[in-house]
Each structure stands twice: as structure tokens, then as C-alpha cells.
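The values are calculated or read from the model by the stated rules, or taken from the named source; none is laboratory data. The structure presented is a predicted model; accordingly, all values stated were derived computationally and were not measured. A quick note on method: Cβ atoms are made from the backbone with ideal geometry, for glycine too, and the neighbour counts reach across all protein chains shown.
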């Protein structure tokens, strides 16, 4: 066991991985699974609701990026740490919908911008990468404040 693996074991309460079909009817499963993981930490009910909404928006962005077609599989990885919950949402889309929201406000009719705005407002940190061969990965975290 190397030092980085040992550090992950010490700082992590557990990792939960979930794969769902990239269709709207499966988003509720992702919400419930992530809420169950979040409830193992010291989050308030309101904070868990915020996390559930952010996950729903992230999954919806993955589905929308498929252009209305089946988005394939969406992978969700929850890392429950001592002081935060880190959630990764990964899909195999080659066209990310996580462009930064303009500081001047939302453009009328741009629902994906509203989703990104909500994710950034509800979570403490949000990072994403997109690779034409590997897809899009969104990593968001929420710190435990209690």
C-alpha cells in the first residue's frame, strides 16, 4: 500500500459508486443514493436537499448533452470524507454543457445555464473537465459545517 492510498483510507469514510442509465427517469435514483451517503455525515436536512438538487442538475446536464438521445451510462462516485462529501458525475458525452454562467445574469431561454448556476450556488466547489475521447467529468464537493 502506497502513501496516497493510505491517506485516502484515513480521510475517507467510504466510497460509493453508482451507474445509472442516462435517461431522465433514473435521475431520482441518483438523488436518493447521494442523499443516503450525505445522511451518513453531519449535514443538515437543508444541506442534504441542496446536494440532491445539485446531483439532479448534474445528471440532467449529462442527459441534455446527449442531445435528447440516450446518454449511455452516467457514473456517480460519492466519497464521504470526515469534513466533506465529494461527488463525481461522469458521462461519455463529448459536448459539455457546463460553460461558465455570465456574471451579468442568465440569458433568457438557457435552461442549462440555470442548472450550472444552481450547482455552483449549492456546492462549495465545482470543477469539470471534458475530453472528446473520455467524456465529461464534474467533481463537486460540499463541506460539513456542523
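Quick check on segment 120-146: of everything there that is without any contact (Cβ under 8 Å) to a residue 40 or more places away in the chain and assigned to a strand (DSSP E or B), which residue is farthest from residue 57 (Cα to Cα)?
Among residues in segment 120-146 that are without any contact (Cβ under 8 Å) to a residue 40 or more places away in the chain and assigned to a strand (DSSP E or B), the one farthest from residue 57 (Cα to Cα) is 131.
How do the helices (runs of 4 or more DSSP H) wholly within segment 1-112 filter down when requiring 1 or more residues that are touching a strand residue (DSSP E or B) at 6+ places or on another chain (Cβ under 7 Å), at pLDDT below 95 and surrounded by 16 or more Cβ atoms within 10 Å (Cβ to Cβ): which remain?
Helices (runs of 4 or more DSSP H) meeting the threshold: 45-65.
What are the residues in segment 113-135 that are touching a strand residue (DSSP E or B) at 6+ places or on another chain (Cβ under 7 Å) and modelled with pLDDT of 90 or more, if any?
119, 120, 123, 124, 125, 126, 127
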